[in-house]
1. Could you tell me how many of the residues in segment 237-294 are under 25 Å from Glu219 (Cα atoms), in a strand (DSSP E or B) and more than 16 Å from the ligand (Cβ to nearest atom)?
2. Which one of these is touching a residue at least 12 places away in the same chain (Cβ under 8 Å) and outside any loop (DSSP other than H, G, I, E, B): Leu196, Leu231?
3. What do you reckon, is Ala12 small (Gly, Ala, Ser) and not in a helix (DSSP H, G or I)?
4. Can you tell me which condition Lys161 does not meet? The list is (1) of a type outside the set (S, T, N, Q); (2) in a helix (DSSP H, G or I); (3) surrounded by 17 or more Cβ atoms within 10 Å (Cβ to Cβ); (4) within 16 Å of the ligand (Cβ to nearest atom), and all the others hold.
5. Checking the condition in contact with a strand residue (DSSP E or B) (Cβ under 6 Å, 6 or more places away or on another chain), hydrophobic (A, V, I, L, M, F, W, C) and at pLDDT 95 or above, which residue from Leu207, Leu121 passes?
6. Can you name the condition, by its number, that His56 falls short on among (1) assigned to a helix (DSSP H, G or I); (2) in contact with an Asp or Glu (Cβ under 7 Å, 6 or more places away or on another chain); (3) farther than 30 Å from Gly361 by Cβ?
7. Would you point out which residue out of Gly103, Gly75 is within 22 Å of Leu234 (Cβ to Cβ) and in contact with a Ser or Thr (Cβ under 8 Å, 6 or more places away or on another chain)?
Amino acid sequence: MQGFEIRDGALAVENVPLATIAEQVGTPAYVYSAGAIRTRYRALAAALDPLGIAIHYAVKANSNQAIITLLRGLGAGADVVSGGELARALAAGIPADRIVFAGVGKTRDEMAAALDAGIHLFNIESEPELETLAEVARSKGTTARVGLRVNPNVDAKTHAKITTGKAENKFGVPIERAPAFFARAGELSGVEAVGLSVHIGSQILDLEPYRQTYVRVREMALTLRAQGYGLRNLDLGGGLGIGYRGEEGPDPQGLAAIIKEQLGDLDFELAVEPGRWLVGAAGVLLARVILVKQGETKRHVVVDAAMNDLIRPTLYEGFHRIEPVVGRDRADAGMADIVGPICESGDYLAKDRPLPAVAAGELLVVRDAGAYGAVMSSTYNARPLAPEVLVDGDRWTVIRPRQSVDALIALDKVPDWLAG
Ligand SMILES: *Cc1c(COP(=O)(O)O)cnc(C)c1O
């Protein structure tokens, strides 16, 4: 992956050795490569621009203001799933008319904020949500543009917790119900149904489910048009996976070819909403070994990063390569579990991994942690949020400082009647 290089046997992010960053900001710390994000964005845009497909970055993958700003500068719009993400996208300068609002449970306040901002489109996931949005829009004397998120009942062949396009998932309405939904929308003032959207899951490595999905979307889009609905927008989802084991992973040209094949001959406004593919491989989590515990059957390498910093292994059985930062040419010393200090058996970053002999104080790097890393972190065990660093060539900046324990404590308020 571009952005990460071995220099004198040590891992560097662009021109900055990770050891330098660890020394100056401490560990654990997230480090991102601006160059890697640019490379990914440009590769995606090169595949999609010729087909006129807009890119709406799925902000939930990494919502640091610096990352959103970087992607905005490259031309990305935004896919947001909460009022907070909407505010972040707007604060980063993404034009409102390039923002799409998705999610199964938007509140009235969130809908109102998005209407006030003048966003491009709401992707609506149920009839009750449609009715509520219509009410909120009417109360403001405006009309909300709506895309219907349909569930194509396709198996994305990814982890159960990140598959979203099967009939039993909570997302969208069954695709065959789209005509009824459009009919209902037509009866309501305050909403104008203009599109369909799909998003079948995340970390999708096999492109075939996309094809099956777009076959169904095409069919339904044509049906709706034939019924006289003014359908203009097709939002084709995110979900493109990355090679967490160091393999290439799917190529955006492959996705573009499928889109072209299924939808290229129809005059719809097309958009995709990738998150992980743009930022996942562009970030790492730096950790330091606290101690090594050699048990009878296992070597536990206890590090200062934990499930509160990176929950993907615990939550999704997510695989991340873990490697020493310096002295990388050492031989493996058998298997190890790399675990955090949190009081949960689920607190691990990797299990049964070949790893060289490592010593207390040594730096390890958890690869491909740029997506669904920092954004999913918590302060469990009163562990402050880890800092985030952005590297660009020779320069680097802390784009979120490490939270202090004092700041963490100051978030709480002790009632006067308990204080004395
Ligand atoms: C999470 C999400 C995405 C992005 O998924 P990735 O796997 O990160 O590409 C896109 N669209 C919607 C509706 C989402 O919920």
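1. Of the residues in segment 237-294, the ones under 25 Å from Glu219 (Cα atoms) are 237-240, 252-274.
After this cut, where a residue has to be in a strand (DSSP E or B) as well, the list is 240, 269-272.
If we keep only those that are more than 16 Å from the ligand (Cβ to nearest atom) too, we end up with 269.
Adding up the residues that qualify gives 1.
2. Values: Leu231 fails: outside any loop (DSSP other than H, G, I, E, B).
Just a single option satisfies the conditions, and that option is Leu196.
3. Values: small (Gly, Ala, Ser): yes; not in a helix (DSSP H, G or I): yes.
So Ala12 fits the description; yes.
4. (3)
5. Details: Leu207 fails: in contact with a strand residue (DSSP E or B) (Cβ under 6 Å, 6 or more places away or on another chain).
When all the criteria are applied, what remains is Leu121.
6. Among (1) assigned to a helix (DSSP H, G or I); (2) in contact with an Asp or Glu (Cβ under 7 Å, 6 or more places away or on another chain); (3) farther than 30 Å from Gly361 by Cβ, His56 violates only (1).
7. Values: Gly75 fails: in contact with a Ser or Thr (Cβ under 8 Å, 6 or more places away or on another chain).
Just a single option satisfies the conditions, and that option is Gly103.
Table: residues versus (1) in the same structural domain as Val339 (by TED's automatic domain parsing); (2) part of a helix (DSSP H, G or I); (3) of a type in the set (A, V, I, L, M).
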| site | (1), (2), (3) |
| --- | --- |
| Ala43 | no, yes, yes |
| Leu48 | no, yes, yes |
| Ile67 | no, yes, yes |
| Arg72 | no, yes, no |
| Asp79 | no, no, no |
| Ala87 | no, yes, yes |
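The values are calculated or read from the model by the stated rules, or taken from the named source; none is laboratory data. Please read these numbers as outputs of a predicted model, since none were measured by experiment. Glycine gets a Cβ as well: all are built from the backbone with ideal geometry, and neighbour counts include every protein chain shown.
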